[in-house]
Amino acid sequence: MDVIADIKKSVAHSSLARLEFLAFTLGDQEYGIDIQKVLEIRSYETVTRIASAPIFVKGIINLRGVIVPIVDMRIKFDLGTPVYDEFTVVVVLNINNHVIGIVVDRVSDVIRLTEENIKAAPDVGSGQNNDYVIGLGSLDQRMLILVDIDKLMSGPDMGLIDTLAD
């Protein structure tokens, strides 16, 4: 498996010299998603809860006339009870022409990675579906788990997007 080819495929229209990821934290771990998927970053606000939604779907917000489902990534990744404070943000994403928000603990910066900075994700054998992890990015003393946000949000357990257009 060629991790760079997989990342290039998941990071649409990027050249290898320009793989840019929005870095965010959940607990003590840092993650990265394709910056081209990000529409905006907003402070966390109260959401309208939807009956029978999965526990990680906090609810919906009305964003300038668009109803946006909000997914709490700490709950989705089973990282403990989320704490909402002044650093908690919603990253609004465009996933296959669907607007979705993800709640994260903090957003730090945009990281540019090159081929040398990206390694294949190790097989941890947890029995969980981690197909959305496309690699590990390292820069100086930082290690980011690189997430294919399209694949994660389009997964069958999400119930938000039926299928991805190829």
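Would you check if there is a residue in the range 132-150 being touching a strand residue (DSSP E or B) at 6+ places or on another chain (Cβ under 9 Å) and assigned to a helix (DSSP H, G or I)?
Yes: one or more hits.
Looking only at the range 39-49, decide whether some residue is part of a helix (DSSP H, G or I), surrounded by fewer than 12 Cβ atoms within 10 Å (Cβ to Cβ), out of contact with any Gly (no Cβ under 6 Å at 6 or more places or on another chain) and modelled with pLDDT under 95.
no
Suppose the filter is in contact (Cβ under 8 Å) with a residue 24 or more places away in the chain and part of a strand (DSSP E or B); does PRO54 pass it?
Considered against the rule, which asks whether it is in contact (Cβ under 8 Å) with a residue 24 or more places away in the chain and part of a strand (DSSP E or B), PRO54 comes out as no.
Regarding ALA23, is this residue out of contact with any His (no Cβ under 6 Å at 6 or more places or on another chain) and modelled with pLDDT under 90?
No: the conditions fail for ALA23.
If you scan the range 133-166, which residues turn out to be under 18 Å from LEU93 (Cα atoms), among the hydroxyl-bearing types (Ser, Thr, Tyr) and modelled with pLDDT of 75 or more?
Within the range 133-166, SER154 is the sole residue that qualifies.
So which of ILE60, ILE75, ILE95, ILE67 is free of Cβ contacts under 8 Å to residues at least 24 places away in the same chain and in contact with a Ser or Thr (Cβ under 8 Å, 6 or more places away or on another chain)?
So the residue among ILE60, ILE75, ILE95, ILE67 that is free of Cβ contacts under 8 Å to residues at least 24 places away in the same chain and in contact with a Ser or Thr (Cβ under 8 Å, 6 or more places away or on another chain) is ILE60.
Can you find even one residue in the range 102-112 that is over 15 Å from TYR31 (Cα atoms) and either buried (at least 19 other Cβ atoms within 10 Å of the Cβ) or in contact with a strand residue (DSSP E or B) (Cβ under 6 Å, 6 or more places away or on another chain) (or both)?
Taking every residue of the range 102-112 in turn, none turns out to be over 15 Å from TYR31 (Cα atoms) and either buried (at least 19 other Cβ atoms within 10 Å of the Cβ) or in contact with a strand residue (DSSP E or B) (Cβ under 6 Å, 6 or more places away or on another chain) (or both).
The values are calculated or read from the model by the stated rules, or taken from the named source; none is laboratory data. Only a predicted model underlies this, so the values are computations on that prediction, with no experimental measurement involved. Every residue, glycine among them, receives a Cβ derived from its backbone with ideal geometry; neighbour counts consider all protein chains shown.
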